[in-house]
Every structure is written in structure tokens, then in C-alpha cells.
Amino acid sequence: MAARPVSGRVRTEPLGEAVETAYAIARACQEHDQPDVPFSSLEGYRAAVANGWPDYAYERSLGLLDGEPVGLLTLGLPQDDNLDTVDLELGVLPSARRQGVGRALWELAVARTHELGRRHLIGPTVQRHPDGGAFATAMGATAGLEEIRSRLDLATVDQPYLDKLLAEAWAGAGDYRLVQWSGVAPDDIIDDVAYLSGRLLTDSPVGDLAWEAQKVDAERIREDERSRARRGRTTYHSGALRDGRLVAVTTISVENEKPAQIWQSITLVDPEHRGHRLGLVVKLENLRYVRESDPRVEVIDTFNAASNEHMLRVNRAMGFQPVESLIQWQKTVA
């Protein structure tokens, strides 16, 4: 992408090799928007930029005000599915907002969506600060999905209560058997992992967003895990087996350089095996697995659709508390 002049003071240009500049902008924006989430080191950020999701292509651009880079745009382009969508992350330094930089980067995103033959731009804002939502609305985007970030503070966990909760959940799980692993799934269950992962956007609420079911196979699962490892992340998985088949799975991801704060990721249960408390079983077992594997963990964060009352109820039972709300916005490009 070539540099695009916007006004006398504002222009955009491709990121190129200016990863350190992008890091400074991204870090400042997150520290303003989500101050309780620790940001990666420069080395960790470089690894993340160099090792994105293997089924995505990425385009990154800077927004400049009077020649100084103050804004960052990242476009994520799915390559195997959701070929009509563009994932958008847009941030402008708090000190440089309301001066046209965000609009310039947004217009670049719209233009690229047109050029790429795609139709839907999707990106989040935090509700903590109203300016993000106001900007999205002014750009013609509509709120497609509200998400809740919840946090489990392990310093306040009532372990005897969790042990009792797990025993009760296992009592409802009948003949299911626990399986656990870190990183790439064993060959005998990796096809089941792929099947369950492919159900994510089918089974989870997506609101009005134009997300479609993902095409997931065993090789995509393997490459996703390799990509996480290259980014300096370790994953822990717990699942439930029935007759040798994996029918429930959950994942926690740890960024190795900052293990105190980690992320609870997907929890999926095959529809034919719901009603046996398997979601609670695998999440509680995975929590124990992670704590035994890395005692440096202090807090666990997770995102859920605000309408996903079932999973929010499971999280509350474990001790998770809501800490913020995000909105996923969508702009359909004509």
C-alpha cells in the first residue's frame, strides 16, 4: 500500500519495518483503554507481529499527524473462510485523538475492504471510554455484539468450594473421562478438536455480526498451536472423552513472559453431550492443571458474549467477576 495524504496535517502510510513505532502506539492505547491488562514486551510484540494466525493475512498502517506517527491500523484478512470480512484494530494515541487521524485510518480500512472485494469491517471498542463508540457510530458502523470480560482473581479463590463444585459436576458427568495436554493435541483426538473448534461460531452467540462457521481441520489446529508457540505462548487443554471420542474441550493460553495474567479461551461441548455439566468439569480441571503447571498465575481473564448466559453462569460459579464491556462494531461496505 502506498502512502495516502489526507489533509495538510494528516496522512497514512504502510507500517513497513517500523515495528517499534507500532509497539509504542499499541502499548499506549491499551494502557489507556485497558489499564488492568499488562502489555507485551517489545520482543513479545515483535514475535506476535511476525507470527500471526496462519489462516490470516495482515496489513498494518500508521496514521501520522504533522509527520509524527500517532495512530495504528491493523487489518486481519481471513484466508480460508469468512472471505467477506475484514477484522479491524484501530488505535490513536489519547493525546492525538479528535484531530482526524482515526478518520483517515478508518477511510483507509474502508478503501482496502473495497479493493479486496470484501464487504464487512468488524472491530471492537471498550465501553470504559465513550469516545470509541462515538467514533464508530460517526463512521457509520453499527453495534453487532456486546462482550463481557470477566476476571478470576486466584488470590480470592475459595479452593474447598471449587473442589466441592468439581465433585458435584463429575457426579453429573457419568462415564466421561478426563484428558489433558499442552500444545498440539494428541493424534488420536486432534480430529475431534478440529470438529469442536469449527463449531465455535456456530454454537456461540455472534449477534448481528457477519461471522460464518470456520473451516477447521487437524492441520489447522497443529499450525495454530505452532504459531502460538512462536509467539511465546503456552496452551493448556482439558477435555472429556466418551468411548474414545473427545466431546468437550477448553483452553487456557499463557504468555510466557508475563504469566501472572492469562486468558481462558474457548470452551466447547458437542451438542449431543450437553446437559452433563461437561463445560464446568473441563474448565475446573483445566484451572487446576494450569495452576499445578505454572504457580506464577495470579488472574485469569475471559471474554463471553453478553447474551451467553449459560457460560457467564458457569464463570460466575467459578468466581469470575465482570470487569468491562466491549462492543464489536460492524460496517457493511457497499
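The values are calculated or read from the model by the stated rules, or taken from the named source; none is laboratory data. Please read all numbers here as calculations on a predicted model, not as lab measurements. Note that each Cβ is placed from the backbone with ideal geometry, even for glycine, and that neighbours are counted across all protein chains shown. Calculation scope for accessible area: heavy atoms of the full protein, side chains included, ligands and nucleic acids excluded. Shrake-Rupley method; radii C 1.70, N 1.55, O 1.52, S 1.80 Å.
Got at least one residue in region 104-113 being at pLDDT 95 or above and assigned to a strand (DSSP E or B)?
no
Among the candidates G8, G52, G16, single out the residue that is assigned to a loop (DSSP other than H, G, I, E, B), small (G, A, S) and within 25 Å of E219 (Cα to Cα).
G52
State which residue pairs qualify: first residue closer than 20 Å to A109 by Cα and inside region 47-65, second residue charged (D, E, K, R) and crowded, with 17+ Cβ neighbours inside 10 Å in any location, beta carbons under 6 Å apart, and separation of 6 or more residues or different chains.
L62/E13; L64/R11
Please tell me if L165 is of a type in the set (A, V, I, L, M, F, W, C) and over 22 Å from Q328 (Cα atoms).
For L165, the condition - of a type in the set (A, V, I, L, M, F, W, C) and over 22 Å from Q328 (Cα atoms) - is met.
For every residue, the table says whether it meets (1) within 20 Å of T156 (Cβ to Cβ); (2) of a type in the set (G, A, S); (3) open to solvent by 70 Å² or more (accessible area, probe 1.4 Å).
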residue	(1), (2), (3)
E292	yes, no, yes
Q321	yes, no, yes
S325	no, yes, no
Q328	no, no, no
V333	no, no, no
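Suppose we filter region 76-99 for residues that are part of a loop (DSSP other than H, G, I, E, B) and either among the polar types (S, T, N, Q) or in contact with a Phe, Trp or Tyr (Cβ under 8 Å, 6 or more places away or on another chain) (or both); how many remain?
3
Filter region 299-329 down to the residues that are among the hydroxyl-bearing types (S, T, Y) and under 24 Å from Q30 (Cβ atoms), then identify the one that is farthest from the chain's Cα centre (by Cα).
The selected residue is S325.
Under 6 Å by Cβ, and 6 or more places apart or on different chains, what pairs join a residue from region 261-273 that is more than 16 Å from K283 (Cβ to Cβ) with one that is open to solvent by less than 30 Å² (accessible area, probe 1.4 Å) and hydroxyl-bearing (S, T, Y)?
Close Cβ pairs (under 6 Å, with a partner that is open to solvent by less than 30 Å² (accessible area, probe 1.4 Å) and hydroxyl-bearing (S, T, Y)) do not exist here.
Evaluate region 114-125: report whether one residue or more is open to solvent by 30 Å² or more (accessible area, probe 1.4 Å), part of a loop (DSSP other than H, G, I, E, B), without any contact (Cβ under 8 Å) to a residue 40 or more places away in the chain and among the small types (G, A, S).
Yes: one or more hits.
When you look at G102, is it small (G, A, S), open to solvent by less than 50 Å² (accessible area, probe 1.4 Å) and on the phi > 0 side of the Ramachandran plot, yes or no? Walk me through how you get there before you give the answer.
Working: small (G, A, S): yes; open to solvent by less than 50 Å² (accessible area, probe 1.4 Å): yes; on the phi > 0 side of the Ramachandran plot: no.
Judged against the criteria, G102 is not a match.
Tell me which residues, restricted to region 243-282, are over 21 Å from the mean Cα position of the chain (by Cα) and over 18 Å from D203 (Cβ atoms).
Matches in region 243-282: D243, G244.
Among the numbered criteria (1) in contact (Cβ under 8 Å) with a residue 24 or more places away in the chain; (2) under 17 Å from the mean Cα position of the chain (by Cα); (3) surrounded by 16 or more Cβ atoms within 10 Å (Cβ to Cβ), which single criterion is violated by D36?
(3)
Need pairs with beta-carbon distance below 8 Å; first residue modelled with pLDDT of 95 or more and of a type in the set (K, R) and within region 231-243, second in a strand (DSSP E or B) and surrounded by 24 or more Cβ atoms within 10 Å (Cβ to Cβ); sequence gap 6+ or separate chains.
So the pair list comes out as R233/V254.
Quick one: which of A317, A240 is open to solvent by less than 10 Å² (accessible area, probe 1.4 Å) and more than 18 Å from L145 (Cβ to Cβ)?
Testing whether each residue is open to solvent by less than 10 Å² (accessible area, probe 1.4 Å) and more than 18 Å from L145 (Cβ to Cβ) leaves just A240.
Pick from L152, L88: which is in contact with a strand residue (DSSP E or B) (Cβ under 8 Å, 6 or more places away or on another chain) and in contact (Cβ under 8 Å) with a residue 60 or more places away in the chain?
The match here is L152.
Which ranges mark the strands (runs of 3 or more DSSP E) fully within region 237-334 that have 3 or more residues being closer than 30 Å to L116 by Cβ?
261-269, 321-332
Can you give me the number of residues within region 140-156 that are under 18 Å from L312 (Cβ atoms) and not charged (D, E, K, R)?
4
Looking at (1) surrounded by fewer than 17 Cβ atoms within 10 Å (Cβ to Cβ); (2) at pLDDT below 95; (3) hydrophobic (A, V, I, L, M, F, W, C), can you tell me which one A57 breaks?
(2)
Determine whether region 153-171 contains at least one residue that is touching a Leu at 6+ places or on another chain (Cβ under 6 Å), over 30 Å from T85 (Cβ atoms) and open to solvent by less than 40 Å² (accessible area, probe 1.4 Å).
Checked against the condition, which is being touching a Leu at 6+ places or on another chain (Cβ under 6 Å), over 30 Å from T85 (Cβ atoms) and open to solvent by less than 40 Å² (accessible area, probe 1.4 Å), region 153-171 yields at least one hit.
So A213 clears everything in (1) in contact with a Leu (Cβ under 6 Å, 6 or more places away or on another chain); (2) closer than 25 Å to L284 by Cα except one condition, right? Which one?
The failed condition is (2).
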